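Take a look at the structure set out below.
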Amino acid sequence: MSWAAVGAVCLACYLLKLLGMSVPPSWVTGRPWLAGVSRRLPVALLAALVATGTVTSGVHLVLDARLAGLAAAVLLLAVRAPLILVVVTAAAVTAALRLLAPA
Amino acid sequence: MRRPVTDRRRVIRDGVALGLAVGVFGLSFGALAVDAGLSVARTSVLSLAMFTGGSQLAYVGVLATGGSTAAAAVSAVLLGSRNAVYGVVVGPLLALPRRWRPVAAHLVIDETTAMTSAPRPVDPVRARRLARLAFLVTGLSVYVCWNVATLAGALAGRAVGDPDRFGLDAVGPAAFLALLWPRLRAPEPRTRLVALVGAVVGVLGALVLPAGLAVPVAALAVLAGGRPGAAAGHRDGGHRDGGADSDGGGGP
């Protein structure tokens, strides 16, 4: 992975921001589906990232201690715990389970 | 005469607090990036030059599952597309002289958009000044906190020997879940369906597709919601609920 590749993707993200600021508002309001898609994209991608990061490892389905960590995260998010607590607890629960029950 | 001072101080206070809250995401990003194989330098550059939390997390998330740089880049750009919509919202509110646009654009993220577009029942001149103040303070606060946290997370991640032993492989999914959570609470009914389809497509894709393609392909899940409705503004659930459920600095 080259610096050029990193630079290119950063530039692409920046250009998206600049594009938004340079477009007349009427262009966007005339296309309501744009905002809808743009709202849903993070949902779809984040869900995919959560799922693949929890139950897969490479090309395999792997159910391991991560499940417990994510379950703990869900509980904490449900009670509106601060982010740092959610993430640290997820890691701690996962690590603890691995320690107690090495697969 | 107390209102002008109260308004300004409140904007500054909220902006700074928001920065600190999302900066915490930067810690997990930094650790994640390093764990996915990026150098501390490259990790820092991502936070400095991309400055969009969701995109950055997607980028390293895809790399961590073995995906190619191209697949990671596609995911990052897809997630960053909403910043374009944010730019359209923020542009008229700031009404900046054209020469400032390229500089200001870098700071267009979830948090700055939310703070800038907050309703302010005052005269237009003051509203514009407050909008600009909100944008600037929030933007700078998030930028500084995010980047400092990224560096700290990257250095801390480097120092850890075996990431799995400390359960660090659960950090990424947990952070993504935290980003996703407020969106699941959104009133739009199809959101949860889109998330479910995204998760299923993602997992199936990981099993059958070349490494890393699963996540960008999961973008197709947006179709699961049927025709997207008209823009409903930026009340993306829970932006100001204590900051913990904001999209990571730079937004994602």
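The values are calculated or read from the model by the stated rules, or taken from the named source; none is laboratory data. The structure displayed is predicted, hence computed values, not measured ones. With ideal geometry, Cβ positions are generated from the backbone for all residues, glycine too; neighbour counts draw on all protein chains shown. What goes into the accessible areas is simple: the full protein's heavy atoms, side chains included, and nothing from ligands, DNA or RNA. Shrake-Rupley method; radii C 1.70, N 1.55, O 1.52, S 1.80 Å.
Quick one: angle between helix B:124-159 and the longest Cα principal axis of chain B, in degrees between 0 and 90, rounded to 10, please.
For B:124-159 against chain B, the angle is about 30 degrees.
Could you do me a favour and compute the accessible area per residue for the protein assembly as shown, 1.4 Å probe, result in Å²?
Numbers: 15280 Å² over 355 residues.
Computed with neighbouring chains in place, this is 43 Å² per residue.
Of the accessible area of region B:1-64, with the probe set at 1.4 angstrom, what percent is carbon plus sulfur?
Its accessible area is 62 percent carbon and sulfur atoms.
Between A and B, buried accessible area summed over both sides at probe 1.4 Å, in Å² to the nearest 100?
6600 Å²
Stokes-Einstein diffusion coefficient for region B:3-68 at 20 °C in a medium of 1.002 mPa s, Rh from the Kirkwood formula over Cα pairs: what value in µm²/s?
161 µm²/s
Distance in nm between label sites at B:Ala156 and A:Leu100, each 7 Å beyond Cα in the beta-carbon direction?
Using points 7 Å along Cα→Cβ, the separation is 2.4 nm.
Helix B:40-49 versus the longest principal axis of chain B: what angle, 0 to 90°, nearest 10, using Cα atoms?
The angle comes out at about 40 degrees.
Please state the charge dipole magnitude for the protein assembly as shown, taken about the Cα centre, from unit charges on C-beta atoms (+1 on K and R, -1 on D and E), reported in debye and rounded to the nearest 20.
The dipole magnitude comes to about 1500 debye.
Roughly speaking, to the nearest percent, how much of chain A's 1.4 Å accessible area is carbon and sulfur?
Numbers: 3720 of 4840 Å².
Carbon and sulfur: 77 percent of the exposed surface of chain A.
I need the shape label for chain A. Rule: rounded when a/c is under 1.5, else prolate if a/b > b/c, else oblate, with a, b, c from the alpha carbon gyration tensor. Each step should come with its number before you reach the end.
Numbers: a/c = 2.69, a/b = 1.95, b/c = 1.38.
Note, shape of chain A comes out prolate.
With every protein chain kept in the model, how would you rank A:Ser26, B:Ser81 by accessible area, 1.4 Å probe, largest at the top?
A:Ser26, B:Ser81
Could I have the simple spin-label model distance between A:Ala92 and B:Val200, label points 7 Å from Cα toward Cβ, reported in nm to one decimal?
A separation of 3.6 nm, rounded to one decimal place.
Name the residue from A:Ala96, A:His60, A:Val50 whose Cα lies farthest towards the positive end of the charge dipole of chain A, charges +1 on Cβ of Lys and Arg and -1 on Cβ of Asp and Glu.
Of the candidates, A:Val50 comes out farthest on the positive side.
What shape does region B:118-158 take by its C-alpha gyration tensor, where a ≥ b ≥ c are the square roots of the eigenvalues and a/c under 1.5 counts as rounded, a/b above b/c as prolate, and the rest as oblate?
prolate
Let me test this: with uniform point scatterers at the alpha carbons of the protein assembly as shown, what is the Debye-based log₁₀ I(q)/I(0) at q = 0.07, 0.14, 0.15 1/Å?
Those come out to -0.27, -1.09, -1.26, one per q.
Using just the C-alpha positions of region B:37-175 as equal point scatterers, what log10 of I(q)/I(0) does the Debye formula give at each q in 0.11, 0.19, 0.21 1/Å?
-0.49, -1.12, -1.27
Counting pairs of alpha carbon atoms under 8 Å apart in space and at least six apart in sequence, what relative contact order in percent does chain B give? Let's see the in-between values first.
Numbers: 379 pairs, mean separation 89.6, N = 252.
Rounded, it is 36 percent for chain B.
With the solvent-accessible surface defined on protein heavy atoms using a 1.4 Å probe, which residues belonging to region A:49-85 display a reduction of at least 50 Å² in accessible area in the multichain context relative to the isolated chain?
A:Leu49, A:Val50, A:Thr52, A:Val59, A:Leu70, A:Leu77, A:Arg80, A:Leu83
Quick check: with the 1.4 Å probe, what order do A:Cys13, B:Cys145 take by accessible area, largest first?
Sorted descending by solvent-accessible area, the residues read B:Cys145, A:Cys13.
Once the Cα gyration tensor of region B:41-100 is found, what semi-axes does its equivalent ellipsoid get, as square roots of 5 times the eigenvalues, in whole Å, sorted largest first?
28, 13, 8
Per 5 Å bin, what percent of the C-alpha pairs of chain B does each bin hold, from zero upward?
The percentages, shortest bin first, are 1, 6, 13, 17, 18, 16, 13, 8, 4, 2, 1, 0, 0, 0.
Given a 1.4 Å probe, show me the residues in region B:36-76 buried by at least 50 Å² of accessible surface when comparing the whole protein assembly to the chain alone.
B:Arg42, B:Met50
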